[in-house]
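J.: Dropping the structure in here first, questions after.
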Amino acid sequence: MKTVLYNKHIEVNARMVPFASWEMPIQYEGIIKEHAQTRTRCSIFDTCHMGEFDIQGPAAETDLETLLTLSVSTLQNGQCRYGFLLNKEGGILDDLMCYRRGPDHFFLVVNAGTLEKDAAWIREHLSSSTTFTDLSSHTAKLDVQGPISRKEIETIFRIQLPELNYFRFTDLNLAEVPCTISRTGYTGEWGYELYFPTNDAERIWDLLTVNGSIKPAGLGARDTLRLEAGYALYGSELSENRTPVAASRGLFIDMKKEFIGKEIMAKDLREGIDQFLVGLQLETRRSARVGSKVMHQKQVVGEVTSGSFSPTLGFAIALAYVRSDLIDPGQKLDIETQKTRLAAEVVELPFYKKGTARKKSV
Amino acid sequence: MSVPNELRYTKTHEWVRVEEREAAVGITDFAQSQLSDITYVELPGIGDKVTAGNEVAVLESVKAASDIYAPINGTITAINKELEDHPELINSNPYREGWLFIIEPENEKDLDQLLDADEYSKLLPED
């Protein structure tokens, strides 16, 4: 499938790759350049492939409370929160964002590769009074990320953006296009995720990129940016075979409420589990890759789920599931790749600590 | 894509510059553009004996690792140490500063087996 912005990517010679049944740009001018431009200035990412669901009704809040690990009842209007959708065994069906639009009105943003599975699971668990609408095919999504993103959006659209705290959103018009804008993202930098009708996608893309201050960035930079920020990726760190306790050590889970998969979470938290997700810093630029074994004293103690050279830090970093007695920062481990063994050390996440995402102002 | 006339080439996208019984080896402009940002280089040791077609070096880009093959039989006499800290030289100048290693050929006649610029250009995609 092609997003509505496919022709825009081809126009500027993006290199396209298959991703979750979509043809997506992996890079335009180069991953490292696009990565640096996001950390220092501002990039725009086509994320139209992602899914958006509208959920409404008097029981919507309690339905979602049962479906999601995050606390829904404490979400305020105009606030969004990250969490997991679990199956009955506590396996992760998806990681997602839940936006509260009103007392009985929510908006979910889900991964492209899991969209249909999520929709079926959610519908199956909604009360009869709750309506479910899949908005994905007529909702465009653009991520505008980087320390100058606010200034650039204000200049381009000749508006003043409202003061949005981290994980808050609002509705506004950009060039007369009705738009939902949240101060969220997947890069670790100050930035926004924009949602608006697909019919306007090319025009908004053109407006955002025309003066050249905001440049497009592809999935390649999106991946290195999220990895430096320590964010998990569904399909790599997160899957139905992993539980949120292993992936996030209990973050994004509200144990004070009832939800599908809670018994398994409670058991994991009470009894402990075999492996946890950790950050690994490697000694050199040489990268570990997905599937590389993590070794300790000649024993296999884990597996790398993502690995790359870190453009900002200048050495290789990785996320890996590692045996639970070896996860303290400073723990020395080895990573066995096809050809060689690389020295690594467990470090605190995020790898990159100077991101502007949570700053009070830019 | 630049394919300098004075160099010889392999089907696996290495170039060879022959000067005074020594063969400098690198990867072509096409190869560097396909790999995109190169982030790590593993080079052979000086004195290593290498065999045509065998792996002698590894280049890593952000997304993947790629093997580099010896174009001819011979002995490694020099490696480009500058690449250790600046692998991006392969992207910015693949035919000069981005050279990888130098081989002293076991048999100079082996060099005649390599492709010339015309032959190599024909292997590249149009456009």
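J.: What figure, in Å² to the nearest 10, do you get for the accessible area of A:D63 with a 1.4 Å probe and non-protein molecules left out?
T.: Estimated to the nearest 10 Å², A:D63 gives 10 Å².
J.: Now for a separate question. At a probe radius of 1.4 Å, what is the per-residue accessible area of A:S71, in Å² to the nearest 10?
T.: About 20 Å², rounded to the nearest 10.
J.: Right, something else. Give me the distance in nm between label points sitting 7 Å out from Cα along the Cα-to-Cβ direction at B:E22 and B:K49, one decimal.
T.: Each label point is offset 7 Å from its Cα along the Cβ direction, giving 2.2 nm.
J.: Continuing with this model, one more query. Give me the residues in segment B:26-44 whose solvent-accessible area, probe 1.4 Å, is reduced by at least 10 Å² once all protein chains are included instead of the chain isolated.
T.: Residues shielded by partner chains are B:S33, B:Q34, B:S36, B:D37, B:T39, B:Y40, B:E42.
J.: Quick check: at a probe of 1.4 Å, how many percent of the accessible area of chain B sits on carbon and sulfur atoms?
T.: Working: 2780 of 6490 Å².
Carbon with sulfur: 43 percent of the solvent-accessible area.
J.: Give me the distance in nm between label points sitting 7 Å out from Cα along the Cα-to-Cβ direction at A:R323 and A:F19, one decimal.
T.: For the pair A:R323/A:F19, the computed spacing is 3.6 nm.
J.: Would you list, by chain and number, the aspartates and glutamates whose Cα falls below 12 Å from the Cα of A:K215, excluding same-chain residues fewer than 8 positions away?
T.: Of all the aspartates and glutamates, those that pass the test against A:K215 - Cα under 12 Å, at least 8 places apart if same chain - are A:E29, A:E34, A:D46, A:D143, A:E152, A:D206.
J.: Still on this structure, I have one more. Per-residue HN-Hα couplings for segment A:339-348, Karplus 6.51 cos²θ - 1.76 cosθ + 1.60 at θ = phi - 60°, whole Hz, x for Gly and Pro?
T.: 10, 8, 10, 10, 7, 9, 9, 5, 10, 5
J.: Next question. Cut-off under 17 Å on the C-alpha distance; same-chain residues fewer than 8 positions from A:K359 excluded. Which lysines are left, in chain and number order?
T.: Within reach: A:K151.
J.: Please list A:H35, A:H138 from largest to smallest accessible area, probe radius 1.4 Å, with all protein chains kept in place.
T.: Values: A:H35 0, A:H138 105 Å².
Solvent-accessible surface, decreasing: A:H138, A:H35.
J.: Place a +1 charge on the Cβ of each Lys and Arg in the protein assembly as shown and a -1 charge on the Cβ of each Asp and Glu, then give the dipole magnitude about the Cα centre in debye, rounded to the nearest 20. Kindly include the intermediate steps, with their values, before the conclusion.
T.: Details: 53 positive and 74 negative charges, 347 e Å.
With only Lys, Arg, Asp and Glu charged at Cβ, the dipole is about 1660 debye.
J.: Here is a further query. For segment A:96-105, just list the computed ³J(HN,Hα) in residue order, Karplus coefficients 6.51, -1.76 and 1.60, θ = phi - 60°, integers in Hz, with x standing in for Gly and Pro.
T.: Values, residue by residue: 8, 10, 10, 9, 9, 8, x, x, 10, 9 Hz.
J.: Shifting gears a bit: Find how many whole Å separate the alpha carbon centroid of segment B:11-25 from the alpha carbon centroid of segment B:75-90.
T.: 15
J.: Please go through the residue pairs A:K88/A:K267; A:K8/B:K122; B:K11/B:K81; A:K88/A:K257 and name each one whose alpha carbons sit more than 20 Å apart in this structure.
T.: Over 20 Å apart, Cα to Cα: A:K8/B:K122; B:K11/B:K81.
J.: Kindly identify residues of segment A:257-290 having a loss of at least 30 Å² in accessible area between the isolated chain and the assembly of all protein chains, probe radius 1.4 Å.
T.: The answer is A:R285, A:R286, A:R289 - residues whose exposure falls by at least 30 Å² when every protein chain is included.
J.: How much solvent-accessible surface does A:M255 expose, in Å² to the nearest 10, with a 1.4 Å probe and all protein chains in place?
T.: So the heavy atoms of A:M255 present about 60 Å² to solvent.
J.: Which one of B:V58, B:I46, B:A23 is farthest out on the positive end of the charge dipole of segment B:8-106, using unit charges on Cβ (Lys, Arg +1; Asp, Glu -1) and the Cα centre as origin?
T.: Value computed over the given set: B:A23.
J.: Further question: Give me the 1.4 Å probe accessible area per residue for segment A:274-357, excluding ligands and nucleic acids, in Å². List each step's numbers first, then the result.
T.: On the way: 3900 Å² over 84 residues.
It amounts to 46 Å² per residue over segment A:274-357.
J.: Give me the net charge of A:V294's neighbourhood, meaning all other residues with Cβ under 15 Å from the Cβ of A:V294; Lys, Arg count +1, Asp, Glu -1.
T.: Details: positive: A:R289, A:K293, A:K298, A:R323, A:K332, A:R341; negative: A:E237, A:D274, A:E283, A:E303, A:D325, A:D328, A:D334, A:E336, A:E345.
After counting each charged neighbour, the total is -3.
J.: Roughly how big is segment B:8-106's charge dipole about its Cα centre, with Cβ charges of +1 (Lys, Arg) and -1 (Asp, Glu), in debye to the nearest 20? Write down the numbers at each step before the final one.
T.: Details: 8 positive and 18 negative charges, 65 e Å.
Value, rounded to 20: 320 debye.
J.: Would you work out which of A:P103, A:S248, A:T198 lies farthest towards the positive end of the dipole of chain A, given +1 charges on the beta-carbon of Lys and Arg and -1 on that of Asp and Glu, about the Cα centre?
T.: The residue sitting most towards the positive pole is A:S248.
J.: Follow-up. With the other protein chains left in place, how much accessible area per residue, in square angstrom, belongs to chain B at a 1.4 angstrom probe?
T.: Values: 6490 Å² over 127 residues.
Heavy-atom accessible area per residue stands at 51 Å².
J.: Let me know the shape class of segment A:198-240, please: from the alpha-carbon gyration tensor, a ≥ b ≥ c as square roots of the eigenvalues, rounded when a/c is under 1.5, otherwise prolate if a/b is greater than b/c, or oblate. Could you put the intermediate results ahead of the total?
T.: Values: a/c = 4.52, a/b = 1.97, b/c = 2.30.
Since a/c reaches 1.5 but b/c is at least a/b, the shape of segment A:198-240 is classed as oblate.
J.: Something else now. Are there residues in segment B:49-81 whose accessible area shrinks by at least 30 Å² when all protein chains are included rather than the chain by itself, and which are they (probe 1.4 Å, ligands and nucleic acids not counted)?
T.: At a threshold of 30 Å² (probe 1.4 Å), the residues of segment B:49-81 that become less exposed are B:E60, B:V62, B:K63.
J.: What number results when the radius of gyration of segment B:8-106, computed over Cα atoms, is divided by 2.2 N^0.38 Å? If you can, show how the numbers build up before the last one.
T.: Details: Rg = 12.1 Å, N = 99, 2.2 N^0.38 = 12.6 Å.
Segment B:8-106 yields a ratio of 0.96.
J.: A further question on this structure: Explain nothing, just the number: relative contact order of chain B, from Cα pairs under 8 Å at least 6 residues apart, as a whole percent. Could you put the intermediate results ahead of the total?
T.: Values: 266 pairs, mean separation 39.2, N = 127.
With pairs under 8 Å counted, the relative contact order is 31 percent.
J.: Moving on. Could you tell me the total accessible area buried at the B-A interface, probe 1.4 Å, in square angstrom to the nearest hundred?
T.: 1400
J.: Right, something else. Bin width 20 Å, alpha-carbon pairs only: give the P(r) of chain A as whole percents, running from 0 to the bin holding the largest distance.
T.: Per 20 Å bin, starting at 0, the Cα pair percentages come out as 29, 59, 12, 0.
J.: Over segment A:193-310, what is the relative contact order in whole percent, taking alpha-carbon pairs under 8 Å and six or more residues apart? Show your work: numbers first, answer last.
T.: Values: 79 pairs, mean separation 24.7, N = 118.
Dividing the mean separation by the residue count of segment A:193-310 yields 21 percent.
J.: So which of A:K117/A:K360; A:K117/A:K339; A:K354/B:K63 end up more than 27 Å apart by C-alpha?
T.: Details: A:K117/A:K360 37 Å; A:K117/A:K339 38 Å; A:K354/B:K63 24 Å.
Among A:K117/A:K360; A:K117/A:K339; A:K354/B:K63, the Cα-Cα distance tops 27 Å for A:K117/A:K360; A:K117/A:K339.
J.: Counting each pair of different Cα atoms once, what's the Kirkwood radius of segment A:274-357 in Å, rounded to one decimal? Display every interim value, and only then the final one.
T.: On the way: mean 1/r = 0.0800 Å⁻¹.
By the Kirkwood definition, the hydrodynamic radius is 12.5 Å.
J.: Here's another thing I want to ask about it. Multiply the residue separation of A:K298 and A:Q76 by 0.36 nm, subtract the distance between their alpha-carbon atoms, and state the gained length in nm to one decimal. Display every interim value, and only then the final one.
T.: Values: separation 222, 0.36 × 222 = 79.92 nm, distance 5.07 nm.
So the extension gain works out to 74.9 nm.
J.: Of A:R158, A:R226, A:R101, which has the most accessible area and how do the rest follow, probe 1.4 Å? Before the final figure, lay out each step's value.
T.: Values: A:R158 205, A:R226 0, A:R101 75 Å².
The ordering from most to least exposed comes out as A:R158, A:R101, A:R226.
J.: Leaving out ligands, DNA and RNA, and with a 1.4 Å probe, what % of the accessible surface on segment A:274-357 is carbon or sulfur?
T.: Numbers: 1770 of 3900 Å².
Answer for segment A:274-357 is 45 percent, counting heavy atoms of protein chains only.
The values are calculated or read from the model by the stated rules, or taken from the named source; none is laboratory data. This structure is a prediction, so every number in the text was calculated from the model and none was measured. Methodologically, a virtual Cβ is constructed for each residue, glycine included, from the backbone with ideal geometry; neighbour enumeration extends over all protein chains shown. Keep in mind that these areas ignore ligands, DNA and RNA; they rest on the heavy atoms of the full protein, side chains included. Shrake-Rupley method; radii C 1.70, N 1.55, O 1.52, S 1.80 Å.
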